[in-house]
1. Within the bounds of the stretch 72-91, is there any residue that is in contact with a strand residue (DSSP E or B) (Cβ under 9 Å, 6 or more places away or on another chain) and surrounded by 12 or more Cβ atoms within 10 Å (Cβ to Cβ)?
2. Which members of the stretch 69-91 meet the condition of being out of contact with any helix residue (DSSP H, G or I) (no Cβ under 7 Å at 6 or more places or on another chain), at pLDDT below 90 and closer than 18 Å to residue 46 by Cβ?
3. Scanning for something at pLDDT below 90, within 15 Å of the chain's Cα centre (by Cα) and not in a strand (DSSP E or B), does the stretch 101-115 turn up at least one residue?
4. The conditions are (1) surrounded by fewer than 17 Cβ atoms within 10 Å (Cβ to Cβ); (2) at pLDDT 90 or above; (3) over 24 Å from residue 21 (Cα atoms), and residue 153 fails exactly one of them. Which is it?
5. Any idea which residue in the stretch 18-50 is nearest to residue 95 (Cα to Cα), counting only those that are outside any loop (DSSP other than H, G, I, E, B), in contact with a helix residue (DSSP H, G or I) (Cβ under 8 Å, 6 or more places away or on another chain) and modelled with pLDDT under 75?
6. Scan the stretch 137-149 and report the pairs whose first residue is within 23 Å of residue 77 (Cβ to Cβ) and whose second residue is at pLDDT below 90 and in a helix (DSSP H, G or I), with Cβ atoms within less than 7 Å and a gap of 6+ or a chain change.
7. Which residues, taken from the stretch 116-136, are assigned to a helix (DSSP H, G or I) and without any contact (Cβ under 8 Å) to a residue 12 or more places away in the chain?
């Protein structure tokens, strides 16, 4: 049985560009929901958090109709034990990467009058006190959420 999203995507021919660090893992995880859909899944092995990875994905799909951002987060733990470099890596992956992808595609979306942007962050952004061990991830993802609020306002 198809979900509403699958039915909507398959109503017209759809291409999905899916990115992961390992091409082998991608081939196992990405599959068409069923034979009735008209969805091409194009796997791209790239680190989306790096400039080269974003360039590779944008070369494959320079004008997406929908952008879904999701990157790995840091390991949970006590923020007092986290090195500055780890904070910077988290900011790069979970705030700057989505912002740079949005910057690369938003003008085309505006010109077409269509272009949902979905940022997958964490439920802790709305209820940060529930997850004290995720302070770094929630802090950085909250920054992204704030930026998107300004952008969409």
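The values are calculated or read from the model by the stated rules, or taken from the named source; none is laboratory data. Everything numeric here is computed off the predicted structure, so don't read it as measured data. Note that each Cβ is placed from the backbone with ideal geometry, even for glycine, and that neighbours are counted across all protein chains shown.
1. Among the residues of the stretch 72-91, not one is in contact with a strand residue (DSSP E or B) (Cβ under 9 Å, 6 or more places away or on another chain) and surrounded by 12 or more Cβ atoms within 10 Å (Cβ to Cβ), which makes the answer no.
2. Hit for the stretch 69-91 is 70, nothing else.
3. yes
4. Unmet for residue 153, out of (1) surrounded by fewer than 17 Cβ atoms within 10 Å (Cβ to Cβ); (2) at pLDDT 90 or above; (3) over 24 Å from residue 21 (Cα atoms): (2).
5. Checking each candidate, the answer is 20.
6. Here the result reads 138/124; 138/125; 138/128; 141/125; 142/125; 145/125, each pair linking the stretch 137-149 to a residue that is at pLDDT below 90 and in a helix (DSSP H, G or I).
7. Let us first name the residues in the stretch 116-136 that are assigned to a helix (DSSP H, G or I), namely 123-125, 128-130, 132-136.
Within the stretch 116-136, 123, 129, 130, 132 meet the criteria.
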